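Have a look at the structure below, then the notes.
The values are calculated or read from the model by the stated rules, or taken from the named source; none is laboratory data. Remember, predicted model here, so these are calculated numbers, not experimental data. Cβ sites come from the backbone with ideal geometry, for glycine too, and all protein chains shown count toward neighbours.
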């Protein structure tokens, strides 16, 4: 590793990464060298290390939370309130850590921010997690407008946004520190007493749900609703217009809990489920009304497309096909589902 020679061209590429927010340690991994070597290369070619260079990200939207005027901004503010850790002063950093299975939601957040920082994976004990951080004075200062401070565990509250965005904020809070149970048809939130109380009061006033009692477990406060009418009202409110900002596993719990077809004979409505077409590398190409429309448009046998959607075969006609998972899980009761159905992603 130490015998590798680096040109000025390499140094330019390294420094470009540095200005986009990568640390010298991360750059060293990219270029198969050490952090000390990266530092010496910068010095050799006249790239001085500025105190805030590590946190400089030219492309990132540092004013992302300045105005909550989109679904994603409201939703991710909810995630920050529950799963975010903010530091001010020298660090000026927001760090979000979630379970590994939910990693994709951090990638969506990174996309909306136009950030070059990568989502990292780690393990603590037996728990696998994913983590994403943003370092910017302007960015973290905007969060203070919504009452987000350091050591917010006992002080977090529900910010009041324009009413059109409150459902998305509450969905973010649910995904960060709430639950939906399909077993007993319950939905709930946990966190600081102030946050839980704020969420309860808002939902009671807005949706006329029951003003249930807040309970305390150790230092965590909880509120939940099990009444079918309350459950349906809250779920309909937060999932009515969710865009791509929601956790799949909690949304599926909601779908299971409703059990639309639980009391009648059921036939899988394949013709009502959209089919998505991907390249062999996992790039999305097109979506069709159903398997028949896909077969007719592409000249591929319908049965082969169905087999590919169910992962019985890897591909057909040079493409990969999958059912639109939202249609599939909304229409097909659990006992009739094919367990091989999955979202297709790059491998």
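Just a few scattered comments:
- Among the residues of segment 233-256, those that are in a loop (DSSP other than H, G, I, E, B) and crowded, with 19+ Cβ neighbours inside 10 Å comprise 245, 246, 247.
- Restricting attention to segment 293-303, the residues that are within 27 Å of residue 252 (Cα to Cα) and surrounded by 17 or more Cβ atoms within 10 Å (Cβ to Cβ) add up to 1.
- In segment 144-164, the residues that are at pLDDT 90 or above, over 16 Å from residue 176 (Cα atoms) and either surrounded by 14 or more Cβ atoms within 10 Å (Cβ to Cβ) or in contact with a strand residue (DSSP E or B) (Cβ under 8 Å, 6 or more places away or on another chain) (or both): 161
- Evaluation of residue 339 against (1) assigned to a loop (DSSP other than H, G, I, E, B); (2) touching a strand residue (DSSP E or B) at 6+ places or on another chain (Cβ under 8 Å); (3) within 26 Å of residue 255 (Cα to Cα) (one fails), failing number: (2)
- For residue 189, the stated conditions do not hold, so it cannot be described as under 20 Å from the mean Cα position of the chain (by Cα), in the same structural domain as residue 83 (by TED's automatic domain parsing) and in contact (Cβ under 8 Å) with a residue 12 or more places away in the chain.
Residue-by-condition table, conditions (1) in a strand (DSSP E or B); (2) more than 25 Å from residue 241 (Cβ to Cβ); (3) free of Cβ contacts under 8 Å to residues at least 60 places away in the same chain:
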site: 95; (1), (2), (3): yes, yes, yes
site: 110; (1), (2), (3): no, no, yes
site: 118; (1), (2), (3): no, yes, no
site: 142; (1), (2), (3): no, no, no
site: 168; (1), (2), (3): no, no, no
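- Once segment 92-117 is narrowed to residues that are exposed (fewer than 15 other Cβ atoms within 10 Å of the Cβ) and within 25 Å of residue 144 (Cα to Cα), the residue that is nearest to the chain's Cα centre (by Cα) is 107.
- Any hit, segment 225-232, residues being loosely packed, with under 15 Cβ neighbours inside 10 Å, free of Cβ contacts under 8 Å to residues at least 40 places away in the same chain, assigned by TED's automatic domain parsing to the domain that holds residue 194 and in a loop (DSSP other than H, G, I, E, B): yes
Yes or no, residue by residue, for (1) over 30 Å from residue 178 (Cβ atoms); (2) at pLDDT below 75; (3) outside any loop (DSSP other than H, G, I, E, B):
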site: 11; (1), (2), (3): yes, no, yes
site: 21; (1), (2), (3): yes, yes, no
site: 27; (1), (2), (3): yes, no, yes
site: 41; (1), (2), (3): yes, no, yes
site: 60; (1), (2), (3): no, no, no
site: 106; (1), (2), (3): no, no, yes
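- Note on segment 291-321: residues that are under 30 Å from the mean Cα position of the chain (by Cα) and part of a loop (DSSP other than H, G, I, E, B) total 6.
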